[in-house]
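Written below as structure tokens is the structure these notes are about.
Just so it is clear, none of the values below were taken in a lab; they were calculated from the coordinates. What you see is a predicted model, and the numbers here were worked out from it, not measured in a lab. Every residue, glycine as well, gets a Cβ built from its backbone with ideal geometry; the counts of neighbours run over all protein chains shown.
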Amino acid sequence: MLKITQSSMKRIFVWDYKQDQYVRKDSTCPKCWKAQYIDGMRTKESKSQAMGVYLEHIIGVNPDARITDLPRKAKGIKTADHYRIDRQADMFRGVVAKYGLKLDNVQVSLTVPWIKGRVELNGTLDILDIIENMAHNVDVKVCANVTSDFGEFQWAEPEKKDYMQAKMYDYLFYRKFKKHMKHVFLVFDYSPQMNHKEIIYDIGENDHEQIEYLIESTLSILIDWHHDGYPTVPSVDDCRYCPFGSREMNAYEKKIHEGFEFFGDRSCEDFISKAE
Ligand code: SF4
């Protein structure tokens, strides 16, 4: 059964804020995509992703997290970033109290069929809570600095963000329960200022249509990739975290992944030939 998730679609499409629509990325590597989303191979987390998984674990939102500690300095001393994330856990508890969150339902999986017996849609909510009769999808995010407006994962300008995750989860929830959710992003950083932000995303009237369009487009692209034998498309972004490649990871990221088995600790043949 093929599972389509928002993260698998996010690897193929990016939100173009100026055009107010999703556009296809030209850097997606089909071989890497297949490894992750069809063969179930594990990709490597970036530093911010690893920090996020660690924070989710220590605040009790992700009990089965793959990362339960972070790389340490000599004699087991925590890095400054590590201390900051530990402090942000305290901040999270304050936010929990403010919203009256119960944290009873964490890592909630929503699955609905798309093509019976062949394709299903799936999403896993960090926290699902009911507040004043309204279902809340509460998502915990970590970034290096919430005031930085650099890159796809910036949180400085929330109006420019891609909310595919909220749109997809709302779509799944609506298909199952015929109700919308309120979407709350709790964003923490590990900058010296230890900032945090709470961002609410209201579902737009075209959001479900956009999700259906992305699902259909993803399936159509997959058929093409399948016929082409899932070719390799090397790029700095994809090769760095791909199960087949490790060349571009920095020392900290390599430490995060010590002890984990990947396909191999070297780049795939195509990437090697193009990198040389
Ligand atoms: S190492 Fe690069 S080119 Fe090779 S499969 Fe991974 S992303 Fe694609």
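Under the Kirkwood approximation for Rh and a Cα-based Rg, what ratio Rg/Rh is obtained for the range 46-207?
A ratio of 0.99.
Tell me which residues come under 5 Å, amide H to amide H, from residue 22 once H is placed; ignore anything under 5 positions away on its chain.
Those qualifying (amide H under 5 Å, at least 5 residues apart or on another chain) are 16.
Pairs 78/167; 34/197; 47/116; 34/116: which are spaced more than 28 Å apart, C-alpha to C-alpha?
78/167; 34/197; 47/116
Pulled fully out, how much extra length does the chain show between residue 21 and residue 176, if you take 0.36 nm times their separation in residues and subtract their Cα-Cα distance?
53.2 nm
Around residue 233, which amide H atoms from residues at least 5 apart in sequence, or from another chain, sit under 5 Å from its own amide H, with H modelled in the peptide plane?
For residue 233, whose amide H was placed from the backbone, the distant partners under 5 Å are 31, 32.
When the gyration tensor of the range 1-58 is built from Cα positions, what are the square roots of 5 times its three eigenvalues, in whole Å, from largest to smallest?
In descending order the semi-axes read 23, 18, 11 Å.
To one decimal place, what Kirkwood hydrodynamic radius in Å is obtained for the range 1-99 from all pairs of distinct Cα atoms?
Averaging 1/r across every pair of different Cα atoms and inverting gives 16.5 Å.
Under 16 Å from a point 7 Å along the Cα-to-Cβ line of residue 217: which residues of the range 1-37 have their amide N that close?
5-29
What is the Cα convex hull volume of the chain when expressed per residue in Å³?
Per-residue hull volume (Cα only) is 147 Å³.
Run the Debye formula on the Cα coordinates of the range 117-203, all scatterers equal and no solvent, and tell me log10 I(q)/I(0) at q = 0.14, 0.18, 0.19, 0.22 1/Å.
So the normalised log intensities work out to -0.54, -0.82, -0.88, -1.06.
Ranked highest first by the average count of other Cβ atoms within 10 Å around their residues, in what order do 72-80, 113-121, 57-65 fall?
57-65, 113-121, 72-80
Taking 35 Å as R0, compute the FRET efficiency from the Cβ-Cβ separation of residue 160 and residue 115 and round it to 0.05.
For residue 160 and residue 115, the calculated efficiency is 0.55.
Do you know the relative contact order of the chain, to the nearest whole percent, from alpha carbon pairs under 8 angstrom that are 6+ apart?
Contact order relative to length: 22 percent.
At a Cα cut-off below 17 Å, give the lysines reachable from residue 31, other chains included and same-chain residues fewer than 8 away excluded.
3, 10, 44, 274
I'd like the Karplus ³J(HN,Hα) series for the range 163-169: coefficients 6.51, -1.76, 1.60, θ = phi - 60°, whole numbers in Hz, and an x wherever there's a Gly or Pro.
Here the 3J(HN,Hα) series is 9, 4, 4, 5, 4, 5, 5 Hz.
Are there any GluC sites (Glu not before Pro) in the range 129-190 that are in a DSSP loop and have at most 10 other Cβ atoms within 10 Å? List them by number.
Answer by residue number: 132.
When only Cα pairs under 8 Å and 6 or more residues apart are kept, what is the percent relative contact order across the range 119-207?
RCO, the range 119-207: 30 percent.
Relative contact order (percent) for the range 46-207, with alpha-carbon contacts under 8 angstrom and 6 or more residues of separation?
20 percent
Please give the calculated 222 nm ellipticity per residue for the chain, where each DSSP H segment of at least 4 residues contributes -39500 (n - 2.57) and the sum is spread over every residue; nearest 500 deg cm²/dmol?
Calculated at 222 nm, the ellipticity per residue is -11000 deg cm²/dmol.
Which parts of the range 124-148 would a label at residue 79 reach, counting a residue when its backbone N lies under 16 Å from a point 7 Å out along Cα-to-Cβ?
142-145
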